[in-house]
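Working notes for the structure below.
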2 protein chains.
Amino acid sequence: MTARRPSPNARRPDAATRERLLAAATRLFAQHGFGGVSVRDIARAARANVAAVNYHFDGKLGLYRAVVHSAVQAMRSGDDAFLTAASDASPEEQLRTYVTGYLPRIASTDDRTAWIHDLMRHEMSDPTPVAPWIAEHGILPRIEYLAGIVSKLLDCRPNDKRVARCVVSIQAQCLFYRPDRFRTAAFKGWPLSDAELAAVADHIVEFSLAGIKRIATRQ
Amino acid sequence: MTARRPSPNARRPDAATRERLLAAATRLFAQHGFGGVSVRDIARAARANVAAVNYHFDGKLGLYRAVVHSAVQAMRSGDDAFLTAASDASPEEQLRTYVTGYLPRIASTDDRTAWIHDLMRHEMSDPTPVAPWIAEHGILPRIEYLAGIVSKLLDCRPNDKRVARCVVSIQAQCLFYRPDRFRTAAFKGWPLSDAELAAVADHIVEFSLAGIKRIATRQ
DNA sequence: TTGAGATTCAAACGACCGTTTAATACAATT
DNA sequence: AATTGTATTAAACGGTCGTTTGAATCTCAA
């Protein structure tokens with residue numbers, strides 16, 4: 001049994017050690033992945049003792065679970081902010097709202113609601129036991145929301161294979177603009193400016209709407 | 001100076017230790033990345049001594065360089081096999097040839113010419129000093145080939161920003177189907193069957209040609 | 001003031017990391 | 001047979017890893 005109560009008692013009255021650990025770990029895990037960060041790195045960044053990780057989170061993996069959980073929550077609450085607003089628009093406008101609301105956050109390097117994508121990138125190359133949970137709570141809801149829009153545009157059942165393929169085509173284009181350390185290090189002009197990003201969002205919407213309409217005429 | 005000559009002399013006449021190390025390291029680095037594999041893992045898989053890595057490759061990073069170099073060469077020779085054949089076709093047919101030739105290799109888990117994509121995935125989340133070299137020799141040639149096709153389809157200059165955006169839209173769709181350990185672990189029905197993959201290739205071609213034609217009418 | 005529980009801390013644990021060393025085994029040439 | 005240069009080997013080096021330990025320190029209730 002570690003500790004459970006918020007923090008009615010502590011040596012100093014400033015931000016609780018647990019919160020500092022969570023904040024530092026979120027930043028470092030998003031940047032370097034679970035295996036690329038040591039608990040000593042996290043403890044140093046949080047100005048805490050190494051043993052505090054085990055005391056407050058029951059080990060490195062427990063801290064990672066807490067980070068992932070809060071990151072998924074941050075993303076989903078960020079989605080609700082602009083997705084619910086367009087719930088009664090045409091599917092074309094819904095797709096535009098999705099992409100223009102999603103892409104700037106995807107491309108931002110300091111948007112807290114997008115850190116989950118960095119965690120997911122590391123999970124792709126080096127999965128942890130948390131991977132299935134991320135897939136279910138961090139990815140599937142988005143996929144299903146997009147599938148609803150696309151199936152209306154295709155005028156077909158949501159489980160039509162063309163829906164899944166179009167969803168991938170849209171999502172792949174958006175995710176490609178998530179900055180990573182490879183492209184930042186290897187390509188000039190990366191990451192993109194805000195103005196370019198807005199033009200890219202417009203491009204993805206037009207490109208994808210035309211693609212979907214073409215796919216709708218087939219099979 | 002380590003060794004240079006092929007292997008006129010060795011304790012045993014079987015496959016040279018250097019070649020076994022390179023083969024084992026390619027498989028392991030592609031699977032787990034540079035940081036996720038220890039030289040002891042590689043030596044064990046190659047039935048060699050740990051010190052052999054330093055003797056033949058001047059350290060772990062030297063071995064990684066050799067792996068990356070051979071993987072890029074394998075991919076480029078695989079490209080030439082089907083890209084040069086379509087050099088005088090219409091740009092539409094060239095795009096179809098590119099996608100239908102590229103996607104099955106991307107999606108294959110045992111195609112030696114596609115291991116470079118696994119190495120690149122790890123580089124994205126955790127870059128090594130080899131990252132810039134991979135970008136220049138493993139990525140740029142493909143991008144420029146695609147840009148040539150797209151600029152003909154758009155009927156504009158190759159450095160028009162719309163070209164780069166369409167290239168990303170195509171390449172992002174293709175790369176999304178590269179299997180990774182996250183999706184294999186977290187999603188059912190993954191990776192895709194050969195038949196589904198052929199249908200996906202056709203989808204990407206139709207989706208993208210329609211998208212490009214739409215973009216061609218703008219700006 | 002005292003006791004109990006929560007929290008922090010320096011230190012140590014065993015395991016693994018990449019690399020180095022020095023001795024040895026081998027084949028080909030003197 | 002002796003020498004030379006290449007290749008392999010077991011062992012050890014210093015360092016970092018995640019975790020554990022046990023004592024010290026803090027807050028708050030009795």
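With the dipole of chain B worked out from charges on the C-beta (+1 for Lys and Arg, -1 for Asp and Glu) around the Cα centre, which of B:A195, B:A24, B:H56 lies farthest toward the positive end? So the residue we want is B:H56. Working note: 222 nm ellipticity from helices only, DSSP H runs with n ≥ 4, each -39,500 (n - 2.57), summed and divided by the residues of chain A, gives -21000 deg cm²/dmol to the nearest 500. For A:H137, the point set 7 Å out from Cα toward Cβ sits 4.4 nm from its twins in the other copies, listed from shortest up.
Each 10 Å bin from 0 upward holds the following percent of the Cα-Cα pairs of chain A: 7, 29, 30, 20, 10, 3, 0.
Separation of the alpha carbons by more than 31 angstrom is noted, of B:K60/B:K188; A:K60/A:K188; A:K152/B:K152; B:K188/B:K213; A:K152/B:K188, for B:K60/B:K188; A:K60/A:K188; A:K152/B:K152; B:K188/B:K213. Gaussian network model of chain B, Cα springs within a sub-10 Å range: biggest mean-square fluctuation belongs to which of B:E136, B:E92, B:E123? With Cα springs under 10 Å in chain B, the top fluctuation among B:E136, B:E92, B:E123 is at B:E136. Ascending distances from the B:T217 label point to its copies in the other chains, with the point 7 Å along the Cα-to-beta-carbon line: 1.1 nm. Per the Debye calculation on the stretch B:46-119 with a single equal scatterer at every Cα and no solvent contribution, log₁₀ I(q)/I(0) for q = 0.15 Å⁻¹ amounts to -0.63. Rounded to the nearest 20 debye, the dipole magnitude of the stretch B:148-212 is 360 debye, with +1 charges on Lys and Arg beta carbons, -1 on Asp and Glu beta carbons, and the Cα centre as origin. Peptides A:64-75, A:106-117 ranked from most to least packed, by the mean per-residue count of other Cβ atoms within 10 Å: A:64-75, A:106-117. Here is the size of the protein assembly as shown from its Cα atoms: Rg then Dmax, 23.7, 77 Å. Net charge dipole, the stretch A:54-135: roughly 260 debye, given to the nearest 20, about the Cα centre with Cβ charges of +1 for Lys and Arg and -1 for Asp and Glu. Sorted shortest first, the separations between the B:R112 label point and its copies elsewhere in the assembly read 5.1 nm; each point sits 7 Å from Cα along the Cα-to-Cβ line.
Readers should treat all values here as calculations from the given coordinates under stated rules, not as data from a laboratory. Here the structure is a predicted model, which means the values were calculated and not measured. Cβ atoms come from the backbone with ideal geometry, glycine included; neighbour counts cover every protein chain shown.
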